[in-house]
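Worksheet for the structure shown next.
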Amino acid sequence: MMNVVDSINALRSERRALSGRVAFVPTMGNLHAGHLSLVELAAQQADHVVVSIFVNPLQFSPGEDLDRYPRTLARDLAMLSAYPVSIVYTPDEAQLYPNGREAHTQVVVPWLSTQLCGRTRPNFFGGIATVVTKLFQLVQPDVAVFGQKDYQQGLVVKRLIEDLCFDIELVMAPIVREQDGLAMSSRNQYLTASERALAPSLYAMLQAIQRELQEGLYRETLLQDYRQALPDAFVVDYLELRSAETLQTLESPGQGDQVLLAAMTLGSTRLIDNVVVTA
Ligand code: AMP
């Protein structure tokens, strides 16, 4: 039985009624096969799965896509009902931020939040860290499942679990892609037909760089060469090779586990993707 609750009191009481291990999958809704793979993985890890659906205003900066972010709750619930989900929590903003967004206590994960996506999206990781902390407090999960699609987010959550002493196991789920390689994302639907046709070249580029790195062909201009070869329609925010574990910049690429991360805009759509490179 899937219980859909939208209040903190109802969530707490449904949560208390669950026995055994609980796995949690936080989402912003507009579910696709990527989200559903997380739900499946969660079900394998625990006796009960709790999913949250909340477009978190705190993680958007002015001028970003908060207002147009797709909200498809009825469809999302219909999709989830085919999975072994015990609770779906669908709060609204007034409930999670009753004193207003600005007045809310913030959880800050200092250095990680300023890197990569944090450079152009100043509120992003603070907003995520804050809402994830609240959701962890409310859901009290034993396991939390996040997607590798949002690699930096995964490391931010890992750090906050450690620093705030949450007794939660973090599971990172592999990226689910369209047949042509484009990482699934709720934002893909913003793409025009011609942008959609170009979008897979982002992952193709990451794979090509990954191949060169794995063959030991690192050179100083490697990333720049590929960046320049992208179709003109892409506006690159970043394309960087970092330590897979810490996200630190690398003194000597080619050693240890690395992650190649990219963010770019195509028209008005921001796309992110990454691949792990094992040396
Ligand atoms: P979102 O609704 O975009 O906040 O995503 C909710 C969760 O689903 C996050 O942990 C994401 O990393 C994960 N996710 C989103 N897209 C994908 C994908 N294509 N493959 C795997 N996980 C994903």
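Tabulated results
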quantity	calculated
Local electrostatic count, residue 277, Cβ distance below 13 Å [Lys/Arg +1, Asp/Glu -1]	-3
Cα gyration tensor shape of segment 1-104, rounded if a/c is under 1.5, else prolate or oblate by comparing a/b with b/c	oblate
Antiparallel DSSP beta bridges within the chain, percent to nearest 5	50
Rounded if a/c under 1.5, otherwise prolate or oblate - segment 122-279, Cα gyration tensor axes	oblate
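We did not get these values from a lab; they are worked out from the coordinates using the rules stated. Everything numeric in this text was worked out from a predicted model, so none of it was measured. All Cβ positions, even for glycine, are placed from backbone atoms using ideal geometry, and neighbour counts span all protein chains on display.
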